[in-house]
Amino acid sequence: MSANLDWSNLGFSYIKTPYRYVARFKDGKWSDGELTADDKVVLTECAGVLQYAQTAFEGLKAYMTKDGKIVTFRPDLNAERMEQSAARLEMPVFPKEKFLEAVDMVISANKDYVPPYGSGATLYLRPFMFGSSAVIGVKPAQEYEFRMFCTPVGPYFKGGAKPITIRVSDYDRAAPRGTGHIKAGLNYAMSLYAIVDAHEKGFDENMYLDAATRTYVEETGGANFIFVTKDGKVVTPKSDSILPSITRRSLCYVAENILGMTVEHRPVRFDEVKDFAECGLCGTAAVISPVGKIYDHGKEICLPSGMEEMGPVTKKLYDTLTGIQMGRLPAPEGWIREIK
C-alpha cells in the first residue's frame, strides 16, 4: 500500500520514512547490520566526525518503472566509490556486498514510499559513514557507523529543467592531490560559503577552476560538467581532483554506445568554454542541469543553446538516460538492480 503523500508536489527535501539501516565497526570488524525505526544518532561529544570531519557519503535513487517494478540504478558504483572514499579518509571499508544488501533492505522496508511511475518523484537513498568513537588527538577514530536512510523527493526542477546561470568562482573547490576525487563531507562544507554567496549575487551555481593554475574547468560544488561541441562531440573535464560522477560516466556511455556520438574525457581549458554549443551539470539529483550563461568577472559567455530550454544533444542524452532508469528503454547489462 502506497504512503499517503501528494507525490506530484513533493519538494527536494527530507521526509522521515519508517526504517533505516545501521552497521557498526568495533574491535576491527563490522557488525551484521540491521534495520531500525530509530532515526536518532547518539554520539560522544568527542566523536571523530564532530572533531575532525571524518565522514563520507553517497547518493542514489530508487524508481518505480513503467511496468511496476522497483529498481535502483548502478548501486554497485556507489558502493565502489564509497570504498574509495573510506580508504582515503582512513576509515574501514564497508564491503560492496554489504552495501548492496543494505540498499535492498532499506528500499524493501520502505517500499510504500517509492513514488509511483509518472509522478516525477523518486526515492532518494543516502548512505553515509562516520567516526563515532572519541578522538582528541588528530588521528582516525577507532569505531565507526555506516548508515543508510531514504526519503521520497520530488523532481529537482519543478516545471522542467530551465537553463541556469553560473559564475566562475574566486574560491577553490579542491587542491591537487587533495580529497576532491572522493565524496567526503568536508568537500561540501567548504563549498557552502561560495554557493550562498553565488545565490546572493543572483547566480545558480559556481564553476570551479583548477586550484594550481586556474586555467582548467573542474566541476561545481556538487556536479560534474558536460559540454557539447558545435560539431556534436561530448566533452567532459578530466582531473584527479574531480569527483568521478556515476551520472557523468553513464551519460558518456549512452552518448558513445547508444547514440553513436564521439566522447572525449580530457582536460578542458576555460578559454575553450566560449566555443562550446551546449553545457550542463550532471549528477544524481537532476541528471542534467542545462547551463545557459557563464559569468566571468564582468564578462558573459552565452551558450548558443540559450536560456529557454536544454540544447538538442543534452536533451537527447537526458531523455535516453532517464528512459533507461525508468524502464522505458532497455538498459545495458548490470545497470538496473531490481528490488524484490
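The values are calculated or read from the model by the stated rules, or taken from the named source; none is laboratory data. No experiment lies behind these values; they were computed from the predicted model shown. Note that we place each Cβ from the backbone using ideal geometry, even for glycine, and neighbour counts take in every protein chain shown. SASA here: full protein model, heavy atoms, side chains in, ligands and nucleic acids out. Shrake-Rupley method; radii C 1.70, N 1.55, O 1.52, S 1.80 Å.
Under 16 Å from the Cα of residue 29, which lysines turn up, not counting those fewer than eight places away in the same chain? Counting by Cα, and skipping residues close in sequence, residue 29 has these lysines nearby: 96, 98.
Here the scattering of the chain is modelled by Debye summation over its C-alpha atoms, one equal scatterer each and no solvent; at q = 0.07, 0.13 Å⁻¹ the log10 of I(q)/I(0) is -0.30, -1.06.
Rounded to a whole number of µm²/s, how large is the Stokes-Einstein D of the stretch 183-245 at 10 °C and 1.306 mPa s, given Rh as the Kirkwood radius over C-alpha pairs? Rounded, D is 122 µm²/s. Normalised by residue count, the stretch 1-156 yields a Cα convex hull volume of 114 Å³ per residue. Distances between placed amide hydrogens fall under 5 Å for residue 291 paired with 164, 279, 280, 281, all partners being 5 or more residues away or on another chain. Working note: Karplus 6.51/-1.76/1.60 with θ = phi - 60° gives the stretch 56-64 the couplings 9, 8, 9, x, 8, 10, 10, 10, 9 Hz, where Gly and Pro are set to x. By the Cα gyration tensor, the stretch 124-280 has an equivalent ellipsoid whose semi-axes, rounded to whole angstrom, run 30, 20, 18 from largest to smallest. Rounded to the nearest Hz, the phi-derived 3J(HN,Hα) couplings of the stretch 313-319 under the Karplus curve 6.51 cos²θ - 1.76 cosθ + 1.60 (θ = phi - 60°) are 6, 4, 5, 5, 5, 4, 5, where x marks glycine and proline. Straight-distance candidates among the lysines for linking to residue 238, with alpha-carbon spacing under 24 Å and chain neighbours fewer than 8 residues away dropped: 183, 230, 274, 293, 315, 316. Ordering of 315-328, 25-38 by packing is 315-328, 25-38, highest average first (other Cβ atoms within 10 Å, averaged per residue).
Rolling a 1.4 angstrom probe over the protein heavy atoms, how many square angstrom per residue are accessible across the chain? That works out to 46 Å² per residue.
Average 1/r across all pairs of distinct alpha carbons in the stretch 270-312, invert it, and you get the Kirkwood radius: 11.0 Å.
Ellipsoid fit via the Cα gyration tensor, the stretch 202-340: semi-axes of 26, 16, 14 Å, each the root of five times an eigenvalue, largest first. Within the shell defined by Cβ-Cβ distances under 13 Å, the residues around residue 107 carry a net charge of +3, with Lys and Arg each +1 and Asp and Glu each -1.
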